[in-house]
Amino acid sequence: MQASPITCTIPNLSTRLLVFALNPLVLLNYLRPEPVLPELTMPSIVSIANLSKTYTSGYQALKDVSLDIQRGEILALLGPNGAGKTTLISIICGIVNATAGSVTVAGHDIVSDFRITRSMIGLVPQELTLGAFDTVWNTLCFSRGLFGKKPNPAYLERLLKDLSLWDKKDSELMSLSGGMKRRVLIGKALVHEPTVLFLDEPTAGVDVELRKDMWELVRRLRESGVTIILTTHYIEEAEAIADRVGVINHGQLLLVEDKRALMHKLGKRQLIIELQTPLSALPSALDSWALDLSAEGTHVTYTYDPHKTHTGIDELLQVIRDAGLLLKDIHTTQSSLEDIFVSLVKAKP
Ligand SMILES: Nc1ncnc2c1ncn2[C@@H]1O[C@H](COP(=O)(O)OP(=O)(O)OP(=O)(O)O)[C@@H](O)[C@H]1O
Ligand SMILES: [Mg+2]
């Protein structure tokens, strides 16, 4: 059936029964369409306590993870492949069972109150999991119906426009590009108006311009009160939008910290000195300084902690001049979140 922008098809009865037969969780959600949520006074929206996961293969993917996610924040979870990010998200979303520990969403336990917690959560999975023949519009309408939400074509229209998918609303999913399919998944995750949104690698395979549009969308969602937890391998993505950054490696949460505080605390600065004449080696007078000479011998790099009262720069420049080296230019660089991430993951194998 051709979708219209002003109508919203609810899944027909036989389709609904089929979905229910395949997924009891959806059935329970449908039987309880509008959960009555208690007054939300919890300081954190998601509270994870001592969470561990050992898969049936015997592999321990999560080791005693504890984390409080603040209401309305954007938290970026960083970690190399296989670190346990998707496992953590999947447990919170009720897709994977934890081996030990507990998780609450707005004070509700994800196991005993899963209908409530699931209705509050939107998930954009890492893998592209979409049908082929349905249209974008019908896919979103159907998803909303599964959560027992009344049709809201105006909300859907705004969502599709925000995702730059409005002109594709009547297109079949199989005719979309990979980046467009990922945006449909984001639409599916948002269509029931969740308060917590998990984005597992939301911009993998999305072009640079659309990635920035997506960052804008994530910021707007945060402004509207949605809490966002995202995983990403693009560190600049975390640098651009996250309020806090968590680093996971080998199933352990190495740290969770305010992004600015992290960069302030762990960020090193480098003084790069360009020489007028290339050197084959540094003069012995500079041996006691931990300096790096570039391969061409034209640049000397000094790494220092900018927060120390005594950075040593003044003294170093004097020693360089005394050694008879002539300077051409000087500038400083600040280490990025990426540098910090790489050194953290390397430091704690
Ligand atoms: N169903 C499963 N059965 C057994 N082991 C699994 C299963 N799912 C994940 N794992 C293992 O658990 C570990 C963590 O996987 P997970 O998918 O959580 O990592 P990730 O941090 O999301 O990695 P990526 O960045 O590649 O997405 C990996 O070693 C993975 O092989
Ligand atoms: Mg993953």
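Counting chymotrypsin sites (Phe, Trp or Tyr not before Pro) as exposed when in a DSSP loop with at most 15 other beta carbons within 10 Å, what is the longest stretch of the chain free of them? Segment 134-288 is the longest.
For the chain, the relative contact order comes to 19 percent (Cα pairs under 8 Å, sequence separation of at least 6). Going by alpha carbons, how many degrees (0 to 90, nearest 10) lie between the helix axis of 208-223 and the longest principal axis of the chain? Approximately 70 degrees, to the nearest 10. Loop sites by DSSP among the GluC sites (Glu not before Pro) of the chain, restricted to those with at most 13 other Cβ atoms within 10 angstrom, leave 128-295 as the longest stretch without any of them.
Computed from Cα positions, the angle between helix 136-146 and the longest principal axis of the chain comes to roughly 70 degrees.
Taken about its Cα centre, the chain carries a charge dipole of about 1240 debye when Lys and Arg each add +1 at the Cβ and Asp and Glu each add -1 at the Cβ. To make sure I understand the rule: partners must be aspartates and glutamates, Cα under 19 Å from the Cα of residue 168, and not fewer than 8 residues away in the same chain. Which ones qualify? Output for residue 168: 134, 157, 207, 209, 213. The label point for residue 284 and the one for residue 207, both projected 7 Å from the Cα toward the Cβ, are 6.0 nm apart.
Over 27 Å between Cα atoms: which of 150/181; 265/346; 53/181; 181/346; 85/188; 181/265 fall into that group? Too far apart for the 27 Å limit: 53/181; 181/346; 181/265.
Bridges between two residues of the chain, per DSSP, are antiparallel at a rate of about 70%.
How tilted is helix 337-347 with respect to the longest principal axis of the chain? Cα atoms for both, answer in degrees (0 to 90, nearest 10). Once rounded, one gets 80 degrees. Within the listed set 326, 221, 128, the Gaussian network model of the chain (springs between alpha-carbon atoms below 10 Å) gives the highest mean-square fluctuation for 326. One decimal place: the segment residue 342-residue 132 gains 71.7 nm when fully extended, by the rule 0.36 nm per residue minus the C-alpha distance.
Note on the chain: dipole from Cβ charges, positive end direction compared against 90, 215, 119; the farthest Cα belongs to 119. Amide H contacts under 5 Å for residue 46: 69, 106, restricted to partners 5 or more places along the chain or on a different chain, H placed in the peptide plane at 1.01 Å from N.
When each of 160, 210 is scored by the number of other beta-carbon atoms lying within 10 Å, the sequence from fewest to most is 210, 160.
Just so you know, all these numbers are worked out from the coordinates, no wet-lab data involved. Model, not experiment: these values are computed from the prediction. So basically every Cβ, Gly included, is an ideal-geometry build from the backbone, and we count neighbours across all protein chains shown.
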